[in-house]
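Written below as structure tokens is the structure these notes are about.
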Amino acid sequence: MKICGIEIKGTEAVICLLSYQDGLFTIPDCRVRKVDFSKENKTSDIRYFQSTFAKLTEDYKINKVIIKERPLKGKFAGGGLGFKMESAIQLISSLDVELMSATALKESLKRNPVTVSFGETGLKIFQQNAFEIAYAAHMNEVYGSGE
């Protein structure tokens with residue numbers, strides 16, 4: 001199974017692809033590390049972002065997309081553009097998309113800690129949250145979410 005973990009930051013969706021098969025994780029090469037959204041906020045920009053993301057998931061045969069859920073209010077609340085990006089991804093009919101709360105992420109990582117240091121993954125530091133989301137989603141698939 002191949003999962004795409006996403007953290008939405010500002011006007012970009014930071015991604016990490018992660019596969020899990022026969023007890024081994026692999027991080028497939030990907031042509032992008034993030035998918036940008038235009039700041040102009042036009043309907044055509046939303047459609048372009050959505051089609052770009054859909055093509056990426058099709059090309060890399062992604063089975064599931066997990067987006068780190070952002071609070072609706074408070075200090076760490078997400079912005080309007082971020083929620084539009086999230087919706088555009090969720091509305092891609094060919095994708096299985098789920099949101100993962102920060103609490104669920106933290107609990108999953110506590111139950112199933114990452115056994116390799118992030119520096120050894122070959123990913124960029126800004127991809128760490130996306131990696132952890134994809135990892136936690138795989139662990140929840142294998143061992144259950146603990147709920």
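A few points about this structure:
- The residue that is surrounded by the fewest Cβ atoms within 10 Å (Cβ to Cβ), among those in the range 106-129 that are within 16 Å of ILE6 (Cβ to Cβ) and of a type in the set (A, V, I, L, M, F, W, C), is PHE126.
- Residues satisfying the stated conditions in the range 1-41, i.e. more than 15 Å from the chain's Cα centre (by Cα) and assigned to a strand (DSSP E or B): TYR20, GLN21, LEU24, PHE25, THR26
- For ASN140: the one exception among (1) within 19 Å of PRO71 (Cα to Cα); (2) in a helix (DSSP H, G or I): (1)
- Hits in the range 72-112 - residues which are in a loop (DSSP other than H, G, I, E, B) and either β-branched (Val, Ile, Thr) or without any contact (Cβ under 8 Å) to a residue 12 or more places away in the chain (or both): LEU72, LYS73, GLY74, LYS75, PHE76, ALA77, ILE92, SER93
- Test: GLU132 is touching a helix residue (DSSP H, G or I) at 6+ places or on another chain (Cβ under 7 Å), within 24 Å of ILE27 (Cβ to Cβ), surrounded by 12 or more Cβ atoms within 10 Å (Cβ to Cβ) and acidic (Asp, Glu): yes
- When SER44 is tested against the conditions (1) of a type in the set (Ser, Thr, Tyr); (2) touching a helix residue (DSSP H, G or I) at 6+ places or on another chain (Cβ under 8 Å); (3) modelled with pLDDT of 90 or more, the lone failure is (2).
- Screening THR11 against (1) within 20 Å of ALA136 (Cα to Cα); (2) in contact (Cβ under 8 Å) with a residue 60 or more places away in the chain leaves a single unmet condition, (1).
- Pairs linking a residue in the range 48-59 that is free of Cβ contacts under 8 Å to residues at least 60 places away in the same chain to a residue that is assigned to a helix (DSSP H, G or I) and buried (at least 18 other Cβ atoms within 10 Å of the Cβ), with Cβ atoms under 7 Å and 6 or more positions apart or on different chains, are PHE49/MET85; PHE49/ALA88; GLN50/ALA88; PHE53/ILE89.
The values are calculated or read from the model by the stated rules, or taken from the named source; none is laboratory data. Everything quoted here is computed from the prediction, not taken from an experiment. Quick reminder, even Gly has a Cβ in these numbers, built from the backbone with ideal geometry, and neighbours come from all protein chains shown.
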